[in-house]
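Let me begin by presenting the structure, written as structure tokens, before commenting on it.
Just so it is clear, none of the values below were taken in a lab; they were calculated from the coordinates. Note that the structure is predicted; figures quoted are calculated from it, not measured. Neighbour counts are summed over all protein chains in view; Cβ atoms, including those assigned to glycine, are modelled from backbone coordinates with ideal geometry.
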């Protein structure tokens with residue numbers, strides 16, 4: 001047996017949400033507006049994702065819950081699956097993710113779940129350009145310049 005000790009480091013930036021709004025206004029507003037339309041009658045936790053493509057189109061998705069719990073789908077995958085079904089050859093430049101609880105932006109930014117991280121990384125591996133992430137909270141947001149940092153030991157074969 002060989003023991004490996006690997007420490008994973010990655011860069012992310014904490015930024016005031018007001019600055020994020022100015023920097024990615026259209027992407028921010030798209031994620032916010034679609035989050036308000038999420039179908040979340042069981043958790044009342046609405047999540048919206050907005051995907052910016054190289055051709056400047058913005059594709060949105062929100063979480064879709066189901067009474068048979070595992071049958072729902074996260075906002076990130078809803079947006080990404082639609083994106084790649086319609087714009088397979090377009091590079092994804094950025095993804096903004098925002099969550100609302102009781103119609104208010106959550107204090108802390110939410111991060112993608114493991115399944116969504118894997119999907120983001122799959123699509124990231126299909127392109128040369130790095131996918132940027134903007135995780136938006138009420139006052140502070142997180143900017144991750146490279147989605148590859150989300151899961152250092154992603155599934156691959």
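Which order results if 104, 54 are arranged by neighbouring Cβ count within 10 Å, fewest first?
Sorted ascending by nearby Cβ count, the order is 104, 54.
Peptides 28-40, 67-79: what's the order by average Cβ count within 10 Å, highest mean first?
Working: 28-40: 18.8, 67-79: 16.7.
The most tightly packed comes first, giving 28-40, 67-79.
Treat the count of other C-beta atoms within 10 Å as a stand-in for reagent exposure and order 18, 65 from fewest to most.
Ascending number of Cβ neighbours within 10 Å: 18, 65.
How big is Rg to Rh over the chain, alpha-carbon atoms, Rh as the Kirkwood inverse-mean-distance radius?
Working: Rg = 15.7 Å, Rh = 16.0 Å.
Over the Cα atoms of the chain, Rg/Rh equals 0.98.
Would you mind ranking 98, 58, 136 by Cβ crowding within 10 Å, fewest neighbours first?
On the way: 98 33, 58 18, 136 28.
Taking fewest neighbouring Cβ atoms as first place, the list is 58, 136, 98.
What is the extension gain from residue 71 to residue 3, computed as 0.36 nm multiplied by their sequence separation minus the C-alpha to C-alpha distance, in nm to one decimal?
Between residue 71 and residue 3, full extension yields an extra 20.6 nm.
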